[in-house]
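See below for the structure under consideration.
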Amino acid sequence: MLRVSFSDTAKGQRWNLCGRLAGPWVDELRKCWRHARERAPKAAAVVDLNDVTFVDEAGEQLLVEMKAAGTEFLAGGVENKHLVSGLGSNGKSGRERT
């Protein structure tokens, strides 16, 4: 399950994610993200990942797309910080796969 909170303010768009960025929730977030960005493509975008507990490969790819679009990420915890620090490196996610 993923809970998404969205705020559209004078400072830009802010997304707060809570739960698992995985499975069908990735596509749902992608649809919401694209819709909001189409309405305000030049607005600053911040995604707060502090309450995300799991990100699957599709979720990582969505985060890579968001970063390529100029999104700023807020992340807490060792794993999420590591994930965010590696986003977009050569088009890959922040976690190595073995």
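Readers should treat all values here as calculations from the given coordinates under stated rules, not as data from a laboratory. Worth saying up front: this structure is predicted, and the values here are computed from it rather than measured. Cβ atoms come from the backbone with ideal geometry, glycine included; neighbour counts cover every protein chain shown.
Among the residues of region 1-20, write down those that are basic (Lys, Arg), surrounded by 13 or more Cβ atoms within 10 Å (Cβ to Cβ) and over 11 Å from the mean Cα position of the chain (by Cα).
Filtering region 1-20 down to residues basic (Lys, Arg) leaves 3, 11, 14, 20.
If we keep only those that are surrounded by 13 or more Cβ atoms within 10 Å (Cβ to Cβ) as well, we get 14, 20.
Listed by number, the list holds a single entry, Arg20.
State all residues of region 50-93 that are touching a residue at least 12 places away in the same chain (Cβ under 8 Å), out of contact with any Lys or Arg (no Cβ under 9 Å at 6 or more places or on another chain) and assigned to a strand (DSSP E or B); if no residue qualifies, say none.
Selection gives Asn50, Glu72, Leu74, Lys92.
Of these, Arg20, Arg30, which one is of a type in the set (Lys, Arg) and in contact with a Phe, Trp or Tyr (Cβ under 6 Å, 6 or more places away or on another chain)?
Details: Arg30 fails: in contact with a Phe, Trp or Tyr (Cβ under 6 Å, 6 or more places away or on another chain).
After ruling out the rest, the residue left standing is Arg20.
How many residues are in contact with an Asp or Glu (Cβ under 9 Å, 6 or more places away or on another chain) and surrounded by 17 or more Cβ atoms within 10 Å (Cβ to Cβ) if we restrict to region 21-42?
Keep residues of region 21-42 that are in contact with an Asp or Glu (Cβ under 9 Å, 6 or more places away or on another chain), which gives 21-23, 26, 30, 33, 36, 39-40.
With the extra rule that they be surrounded by 17 or more Cβ atoms within 10 Å (Cβ to Cβ), the set shrinks to 21-22, 26, 33.
Within region 21-42, residues that are in contact with an Asp or Glu (Cβ under 9 Å, 6 or more places away or on another chain) and surrounded by 17 or more Cβ atoms within 10 Å (Cβ to Cβ) number 4.
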